[in-house]
Amino acid sequence: MSETPMNATLSLERFAALADAYGGDVDAWPVGERDAARALLDADDRAGAILADARALDALLREAPVAAPDAALTGRVLAQAPRRVDWRDALAELLPFRAAWPAPALLSAALLAGLALGGLAPLDEFAGATEASVALGDAIAFGEDWLEETGS
Amino acid sequence: MRDADPDSPDAEHAQDAALLGAASRGDRRASRALVERELPRVLALAERMTRDRAEAQDIAQDAFLRLWGAAADWRPRARIGTWLATVTYRLALDRLRRARRWSDAEMPEIADPAPGPDAALIGRDRARAVDAAIRALPDRQRAALALVHEQGLSGRDAAATMEISEDALESLLARARRRLRQGLAGLDAPEREKIG
């Protein structure tokens, strides 16, 4: 069942095995065996019959119903998509009573929130957090620490 | 997602990277376009693997969460669809194995199969019969069939996803299709007549 070397001729047995596995669309077969398969199709009517048989099964399998996502699932998935984060909005959310804060503390919070949101730490390919939420998480953590220290 | 010439640039990879890059910067149109394009396929694969609609929805949501996480650093080395299919497959497999609902065992080939569905079945009943036959496949055969024939992965990518050789994948596919051909013997005759 090993792949035929590229440019070699394809045996009818191998042609049948490929049709058995990959179905009746030669474009779906391993790339190195497609040209040889097409050459055999041109040369041998039995290859055509094998392909027709495979295509009949393909057509039947395409009749299976496909689960379609509902609006609720689509909405949940979209809600997790990255969003543009404005540092002013993030700061407003973190520090709702900032009007009562001393100016140096506000400036420090704004500076650190901006640095956190501007930072582009590389993410592991399978990390669950988006770039923006990692940065926002850093800003939130800073805010919580500050509140703890000030006893607020 | 069929095998392309590995030495030529893949314009589709570059387009995917641009779309995902835009989504990573909060472009809602880009993220919506991605979801509309890929979520149906992800859900279909998850449901084919788990045979459970609710579980498939959880897996689909998890797969996209991982895509959003990878979006900012996406490199055009794979199609998004292929990447998502691989992630979905592995998420589903992990969940099924932990629940002991996955078997790597192969059933013996059916020497004398029971009669298949009535050839007179039409429409929705016919579709259900096909779906039931696919759902009844052994787990690995069903997964191989889903990855190649429903998701459109190349044999090479499907084998890599399942962490098996291409020969092993071909064997799974051939056994799956033989089992389906036997199980649906009464149904395929009209299609054969149309093509022949």
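Could you say which residue among A:47, A:64 is open to solvent by less than 60 Å² (accessible area, probe 1.4 Å), more than 10 Å from chain B (Cβ to nearest Cβ) and hydrophobic (A, V, I, L, M, F, W, C)? Sole residue among the options that is open to solvent by less than 60 Å² (accessible area, probe 1.4 Å), more than 10 Å from chain B (Cβ to nearest Cβ) and hydrophobic (A, V, I, L, M, F, W, C): A:47. Pairing each residue of segment A:22-43 that is part of a helix (DSSP H, G or I) with any residue that is of a type in the set (Asp, Glu) and open to solvent by 10 Å² or more (accessible area, probe 1.4 Å), provided the two are 6+ apart or on different chains, yields C-beta distances under 8 Å for A:31/B:3; A:31/B:5; A:32/A:3; A:33/A:3; A:34/A:27. Is one or more of the residues making up segment B:58-76 within 30 Å of residue A:32 (Cα to Cα), at pLDDT 90 or above and open to solvent by 10 Å² or more (accessible area, probe 1.4 Å)? The answer is no; no qualifying residue exists. Can we say residue B:112 is open to solvent by 30 Å² or more (accessible area, probe 1.4 Å), closer than 30 Å to residue B:187 by Cβ and at pLDDT below 95? Considered against the rule, which asks whether it is open to solvent by 30 Å² or more (accessible area, probe 1.4 Å), closer than 30 Å to residue B:187 by Cβ and at pLDDT below 95, residue B:112 comes out as yes.
Hey, can you tell me all the residues within segment A:13-27 that are of a type in the set (A, V, I, L, M) and within 16 Å of residue B:166 (Cα to Cα)? Selection gives A:17, A:18, A:19, A:21. How many residues are more than 9 Å from every other protein chain (Cβ to nearest Cβ) and open to solvent by 10 Å² or more (accessible area, probe 1.4 Å) when one looks only at segment B:152-167? Final tally of qualifying residues: 6. In the set (1) assigned to a helix (DSSP H, G or I); (2) aromatic (Phe, Trp, Tyr); (3) more than 8 Å from chain A (Cβ to nearest Cβ), residue B:74 fails one condition alone, (1). Please enumerate the residues belonging to segment B:9-26 that are open to solvent by 20 Å² or more (accessible area, probe 1.4 Å), part of a helix (DSSP H, G or I) and in contact (Cβ under 8 Å) with a residue 40 or more places away in the chain. The answer is B:12, B:13, B:14, B:17, B:19, B:24.
Listed conditions (1) modelled with pLDDT under 95; (2) open to solvent by 10 Å² or more (accessible area, probe 1.4 Å) are all met by residue B:47, apart from (1).
Applying the set (1) at pLDDT 95 or above; (2) open to solvent by less than 80 Å² (accessible area, probe 1.4 Å); (3) of a type in the set (A, V, I, L, M) to residue A:94 leaves exactly one unmet item: (1). Any idea which residue in segment B:44-69 is farthest from the other protein chains (Cβ to nearest Cβ), counting only those that are assigned to a helix (DSSP H, G or I) and basic (Lys, Arg)? Only one residue fits best here, namely B:48.
The values are calculated or read from the model by the stated rules, or taken from the named source; none is laboratory data. Predicted model, so just to flag it, every value in this text is computed and none were measured. Here the Cβ is made from the backbone with ideal geometry for all residues, glycine too, and neighbour counts use every protein chain on show. Just so you know, the surface numbers come from the protein's heavy atoms only, side chains and all, with ligands and any DNA or RNA stripped out. Shrake-Rupley method; radii C 1.70, N 1.55, O 1.52, S 1.80 Å.
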